[in-house]
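*Asks:* Sharing a structure with you now.
The values are calculated or read from the model by the stated rules, or taken from the named source; none is laboratory data. Keep in mind it's a predicted model, so treat the numbers as computed, not measured. Counting neighbours? That spans all protein chains shown, and the Cβs are built from the backbone with ideal geometry, glycine included.
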């Protein structure tokens, strides 16, 4: 049985991907802060391992990964997904606490999870595995008022490149999926506030399929960067 840990698995893209991998028969570690929400995702699946954990706590992350591998035996894939948007505002309206909160989840948390996964994949036998980082369209092109989110997501691109390079000697591949406007409950809530000006969106099932395709690649192949977005998003072009 293949194994994966999915962070941010209690809602949105993380929960959707978790359901897809559970249905496909993978052993899935569901990692997020809210144990009750994780239990709801895991319901009816004997192959789910609930891992309540705050990704900003390095010791807790290490313990959660150890608990999963104690049950599963090894870790084949990490979908490093947990993240948050933060306040929408220009930089001079962002205080240090707001910056610290977004940085802690989007950057520190993803580094801690990658570190725990890398360590396990490096020492397990057979050696190796795959880390898939959830970047964002904002890792390339920001929206207005997204300075905290955009800065952290640009940093994730650097993390992906470094992990890809450092992982070569240990059979550890790292790729990144940059997603634009998947219809999750969070995005739907934004749309409902102003439906007349709703942005183009795509079904979240497109993301789950893409992540599963990346995860199922043989060790000799890797999707380094994938941009997956609603077709008519104003990402390419002027104006």
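*Asks:* Please verify whether the range 123-145 includes one or more residues that are modelled with pLDDT of 95 or more, over 18 Å from the mean Cα position of the chain (by Cα) and assigned to a helix (DSSP H, G or I). Write out each step before concluding.
*Replies:* Of the range 123-145, the ones modelled with pLDDT of 95 or more are 123-135.
Among the residues that remain, those that are also over 18 Å from the mean Cα position of the chain (by Cα) are: 123-128.
Filter once more, so that each one left must be assigned to a helix (DSSP H, G or I): 123.
Yes, that holds for at least one residue.
Rundown of residues vs (1) in contact with a strand residue (DSSP E or B) (Cβ under 9 Å, 6 or more places away or on another chain); (2) part of a helix (DSSP H, G or I); (3) within 24 Å of residue 125 (Cα to Cα); (4) touching a residue at least 24 places away in the same chain (Cβ under 8 Å), yes/no style:
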{"position": "17", "(1), (2), (3), (4)": "yes, yes, no, yes"}
{"position": "20", "(1), (2), (3), (4)": "no, yes, no, yes"}
{"position": "31", "(1), (2), (3), (4)": "yes, no, yes, yes"}
{"position": "41", "(1), (2), (3), (4)": "yes, yes, no, yes"}
{"position": "46", "(1), (2), (3), (4)": "no, no, no, no"}
{"position": "55", "(1), (2), (3), (4)": "yes, no, no, yes"}
{"position": "65", "(1), (2), (3), (4)": "yes, yes, yes, yes"}
{"position": "70", "(1), (2), (3), (4)": "no, yes, yes, no"}
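*Asks:* Can you say whether residue 229 is surrounded by 15 or more Cβ atoms within 10 Å (Cβ to Cβ), in contact (Cβ under 8 Å) with a residue 24 or more places away in the chain, out of contact with any strand residue (DSSP E or B) (no Cβ under 6 Å at 6 or more places or on another chain) and closer than 23 Å to residue 110 by Cβ, as far as the supplied structure shows? Step through it out loud before you land on a result.
*Replies:* Working: surrounded by 15 or more Cβ atoms within 10 Å (Cβ to Cβ): yes; in contact (Cβ under 8 Å) with a residue 24 or more places away in the chain: yes; out of contact with any strand residue (DSSP E or B) (no Cβ under 6 Å at 6 or more places or on another chain): no; closer than 23 Å to residue 110 by Cβ: yes.
So residue 229 does not fit the description; no.
*Asks:* Specify the residue that is nearest to residue 4 (Cα to Cα); the eligible residues are those in the range 208-226 that are touching a strand residue (DSSP E or B) at 6+ places or on another chain (Cβ under 8 Å) and assigned to a helix (DSSP H, G or I).
*Replies:* Among them, the one singled out is 215.
*Asks:* I'd like to verify a number: residues in the range 181-207 that are over 20 Å from residue 11 (Cα atoms), in a loop (DSSP other than H, G, I, E, B) and modelled with pLDDT of 80 or more, how many?
*Replies:* 3
*Asks:* Working only within the range 70-92, note down all residues that are within 30 Å of residue 171 (Cβ to Cβ) and either touching a helix residue (DSSP H, G or I) at 6+ places or on another chain (Cβ under 7 Å) or surrounded by 24 or more Cβ atoms within 10 Å (Cβ to Cβ) (or both).
*Replies:* Initially, the range 70-92 is screened for residues within 30 Å of residue 171 (Cβ to Cβ), giving 70-83.
Those that are within 30 Å of residue 171 (Cβ to Cβ) and either touching a helix residue (DSSP H, G or I) at 6+ places or on another chain (Cβ under 7 Å) or surrounded by 24 or more Cβ atoms within 10 Å (Cβ to Cβ) (or both): 75, 77, 78, 79, 80, 81, 82, 83.
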